[in-house]
1. Take residue 416 and residue 250, extend 7 Å from each Cα along the Cα→Cβ direction, and tell me the distance between the two endpoints in nm.
2. How much FRET efficiency would the formula 1/(1 + (r/R0)^6) give for residue 388 and residue 641, where r is the Cβ-Cβ distance and R0 is 35 Å, rounded to 0.05?
3. Express in nm, to one decimal, how much length is gained between residue 661 and residue 478 on full extension, taking 0.36 nm for each residue of separation and deducting their alpha carbon distance.
4. Output the relative contact order of the stretch 109-194, whole-number percent, from Cα pairs under 8 angstrom with separation of 6+ residues.
5. If I stretch the segment between residue 68 and residue 577 completely, what's the gain in nm (0.36 nm per residue apart, minus their alpha carbon distance), one decimal?
6. Hey, got a sec? Which trypsin sites (Lys or Arg not before Pro) in the stretch 70-164 land in a DSSP loop and have at most 11 other Cβ atoms within 10 Å?
7. So what is the relative contact order of the stretch 52-248, in percent, for Cα pairs below 8 Å that sit 6 or more residues apart?
8. Over 18 Å between Cα atoms: which of 61/83; 596/659; 527/596; 61/653 fall into that group?
Amino acid sequence: MRKQDHFSLLLQVQNLLLFLSSFLLFILCSFVAPSGPLLHHPPPAFPLLLPPDAAALLSFKSKADLNNHLLFSPNTSADAFCKWQGVQCNAKLKAERLVLQGLDLGGIFAPNTLSLLDQLRVLSLQNNSLVGPIPDLSSLHNLKSLFLDNNRFTGSFPPSILTLHRLRTLDLSHNNFTGPIPINLTKLDHFYYLRLCWNRFNGSIPPFNQSALRTFDVSGNNFSGPIPVTVTLVRFGPFPFSQNPSLCGEIIHKECHPSAPFFAPLAPLKAAPPPVQLGQSAQVHGVDGFGSTPNKKIHNRNAVIIGFSAAVCVLITSLVCFVVAFRRQGEKKESSRALMDSDGAATAEVVAVMQMEQEKELEEKVKKVQEMQVGKSGSLMFCAGEAQLYTLDQLMRASAELLGRGSLGSTYKAVLDDRLIVTVKRLDAAKVASDSTKEIFDSHMESVGGLRHPNLVPLRAYFQAREERLLIYDYEPNGSLFSLVHGSRSSRARPLHWTSCLKIAEDVAQGLSYIHQAWRLVHGNLKSSNVLLGPDFEACITDYCLSTLVNTSSFNDDPDSAAYRAPETRNPNHQPSPKSDVYAYGVLLLELLTGKPPSEHPFLVPTDRVSWVKSVREDNGGEDNRMDMLVEVATTCSLTSPEQRPTMWQVLKMLQEIKEIVLLEDSALDPRTTTS
């Protein structure tokens, strides 16, 4: 064979091998990647085994965390997401609580992200910078607490919230929501906490009347019209409705002025106005009348006839009255003439009667002048625009029952004629400070009378004349905290459950913080007998801000009262201060936790105080370790140095943090609602 033929054969074999190898490679690629080349497939966004809740959280982060503060990572195991920041799961690896507070989240709350967490019970995104509307949350049917306050959310009230029938806590405050509040919000029966303040909501306020509602605030909006008078809303007083200039009604003591109608209502026929005025009114408003022109003439003709007849009747009646009066005058003259004829002059008896009537009339005038003078110097003064429902005379004639005697004076329950019940505090004249003049008393009580808060017993009126000084408060039907903690003479009380202690502690802290911050005043005499229980057992402070008017040495009359006194105020020359109120609050909180009066509190270092409280409560059945947080608050408040004590606002924040922990652990304050 020639060399050329051999070379040609080798070339053909080589081409055949290349063809076969290409064919085999094509078949292999078809089996491995039937949908196309491998290099064109993008990598998956999350691992294929990532739980749905973790994927939902990552989706939320991608839209809401533009500043990348959340430490969520897709490269994680199936159960590691339950340890992500702010995430708590149940035994089935489903997210139950998500708390992402104060993390500077700057983005949107995108739909189909957190709304996919169908087992979520607590959701808090407060104190961030999230914008835009709230997505549909109707799938979160297990949600009990929703905190979205202090963001930049916009849009109308989220309608999906109305479907969350287990919701107990809702805070949308300090955002930019607009529009009206749906009336169906009143149908969420489990509401305990509702804050919608400082938005741009408008329209009317729905008639909230949920009996469980304890915290309520719609201030700082654009609501208008009358506030519904319900049992629940009346309990909160005017404070939650402030900064809504167009609101009116009984609760805020502002009269509602209805707008004048375009057409005045028709009066009854017997008092019908002249038809000419009706025609003028119709012309002014562009109304042609009730029919065509011929009918109008008929109406005018009838009106003239009726008017003429009425004038004739009036004339005849006037003549009859004139004749009767003339005859009576003649009879009087005849009788007088006969009397003069018989006696020659007016009898002494007639003169005496006339003098008595004149003297009586003069006495009435003098009495009215005296009453006016008393009104200026010693009248019953109503506070903060309160309606004058009773007079001083009615109050003095009321049936009274002595409720107790305290360090400032005696307290009475007074039932007025109209069955209105009030509490009257009669200050002991011997305990009133010598420099507390009438002017000082008036000025101070005007300030105190302006305090309105759900956790303060409102001062409705006061009275002073010479040495008599009375303070009139609302009557609280459920007694004092002292009676609740220590029981009556016939029954021995047990320490309250720690959740009840938390609720009462927060109520008292709310009231004290309001006094200190909003009005720069001081209670000066806080103790368990000065904390009353309202209709729904909410804690309300009384006898507040009176320490500047009395001798503070009277507070040391009994051992328990003296135990509330801060060390720096045990000197008679040192006036109470906000920090001394904090000290008294710490003593009160320990009394609440142990059921022991302050005089029986041993002097212990802070590390031993927790053990003492536990030992006292274990004698009564023992309780949860969560109570240690409340003991820590009480210990911090009752430190010896005023500088080391927190402010009441800081104390309130501590309690609210404890409350959030309670919510996060799904331990509701009312244990009956846990099965809802």
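Readers should treat all values here as calculations from the given coordinates under stated rules, not as data from a laboratory. These figures come from a predicted structure and were not determined experimentally. Ideal geometry is used to build each Cβ from the backbone, glycine not excepted, and the neighbour counts take in all protein chains shown.
1. The two pseudo-label positions are separated by 1.4 nm.
2. Efficiency, rounded to the nearest 0.05: 0.15.
3. 62.9 nm
4. 27 percent
5. Values: separation 509, 0.36 × 509 = 183.24 nm, distance 4.51 nm.
Net length gain for the segment: 178.7 nm.
6. 92
7. 12 percent
8. Details: 61/83 16 Å; 596/659 24 Å; 527/596 13 Å; 61/653 28 Å.
From the list (61/83; 596/659; 527/596; 61/653), the Cα-Cα distance tops 18 Å for 596/659; 61/653.
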